[in-house]
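Here is the structure we will look at.
The values are calculated or read from the model by the stated rules, or taken from the named source; none is laboratory data. The shown structure was predicted, so the numbers you read here are calculated from the model rather than taken from an experiment. Heads up, the Cβs are rebuilt from the backbone with ideal geometry, glycines too, and the neighbour counts pull from every protein chain shown. Accessible surface areas use protein heavy atoms only, side chains included; no ligands, DNA or RNA. Shrake-Rupley method; radii C 1.70, N 1.55, O 1.52, S 1.80 Å.
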Amino acid sequence: MLIVISGFSGAGKGTLIRRLMAEHGEDYALSVSATTRAPRPGEVDGKDYFFLDKARFQEMIHEDRLLEYARYVDNYYGTPRDYVEEQMRAGKDVILEIEIQGALRIKGQYPEAVLIFVTPPSAEELRSRLVNRGTETDEVIRKRMNRAADEAVGVEAYDYILINEDVERSTELLHKVIQIQHMRVSQKLPFIYEINKELRTLE
Ligand code: 5GP
C-alpha cells in the first residue's frame, strides 16, 4: 500500500515519521525524495533527501523517473519512482512524506493510496514551531505560513486528519490507522477468493 503523509510545514510530521520508522520500521519502507532545496544543517544526502541541482531534477522529470513532483516555496520536490515500485512489489507499505499537489497526483494514479494529513492543534502553535526550529529565515517562514493557508483548503481531499498534540500518541494512531487499512475488503480479495474456494470443496 502507498501511505501519503502531508502536513503544514512545522506540523511535526518529520518527527512522527522518524518515530514510526524507529518503532515499526519492519512494516514500512520510507521513500526518500529528490529536491532542489539546499540541505539544512545536519541533513544527509541520500537519507533525508537526494539533493539535486535544477538541471539534474529536470533530467529526472524527462526520463520519467519521478512518480510525481511539485514546486513548493521556490524549490522542486519529487518522488523517485524505482524505489517505490520495488518496495511495493516486495509487499511493503511505502510511506511518502509529500505536499498536497503531489498527494493528489498519487491518489489519481493509485486510488487505493491512503492520504493522511498531520496538523498541529492551532495556527499559533504552527508558527511557534517554525520559529523555534531556527532553520528558516523570516521570509521563508512567512511564505510557508501562506502556503499552509492554501493547503488548509485542500485538506478535504485527504482520508484522515491527525491532530498532533502528543508525539507518542500520534505515532501510535498513525501506525494503527495504517494497519487498519489492511482490513479493507479491497486489500483482502485474494483471501476471500481462497476461502471461497475452500468452502466449495468442503461442501
Ligand atoms: P521541507 O523543505 O520542509 O523538507 O519540505 C517542504 C515540503 O515539501 C513538505 O510539505 C514536504 O512534505 C514536501 N515534499 C517533500 N518531498 C516531496 C516530494 O517528493 N514530492 C512532493 N510533492 N512534496 C514533497
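Could you please find all residues in region 144-166 being in a helix (DSSP H, G or I) and modelled with pLDDT of 90 or more?
VAL155, GLU156, ALA157
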> Could you count how many residues in region 91-125 are under 17 Å from SER31 (Cα atoms), more than 12 Å from the ligand (Cβ to nearest atom) and free of Cβ contacts under 8 Å to residues at least 40 places away in the same chain?
Replying inline: 1
> When the residues of region 88-109 are filtered to those that are modelled with pLDDT under 95, within 20 Å of LYS188 (Cα to Cα) and touching a strand residue (DSSP E or B) at 6+ places or on another chain (Cβ under 9 Å), which remaining residue is most open to solvent (accessible area, probe 1.4 Å)?
Replying inline: ALA90
>> Among the residues in region 184-196, are any within 20 Å of the chain's Cα centre (by Cα) and of a type in the set (A, V, I, L, M)?
In response: no
>> Restricting to region 61-71, name every residue that is open to solvent by 20 Å² or more (accessible area, probe 1.4 Å) and within 11 Å of the ligand (Cβ to nearest atom).
In response: TYR69, ARG71
> Here is a list of conditions, (1) outside any strand (DSSP E or B); (2) touching a strand residue (DSSP E or B) at 6+ places or on another chain (Cβ under 8 Å); (3) closer than 22 Å to LEU16 by Cβ, and VAL118 meets all of them except one; can you say which number that is?
Replying inline: (1)
> In region 177-192, what residues are free of Cβ contacts under 8 Å to residues at least 60 places away in the same chain, outside any loop (DSSP other than H, G, I, E, B) and surrounded by fewer than 10 Cβ atoms within 10 Å (Cβ to Cβ)?
Replying inline: VAL185, PRO190
> Taking region 2-58 as the region of interest, how many residues are out of contact with any helix residue (DSSP H, G or I) (no Cβ under 6 Å at 6 or more places or on another chain) and in a loop (DSSP other than H, G, I, E, B)?
Replying inline: 17
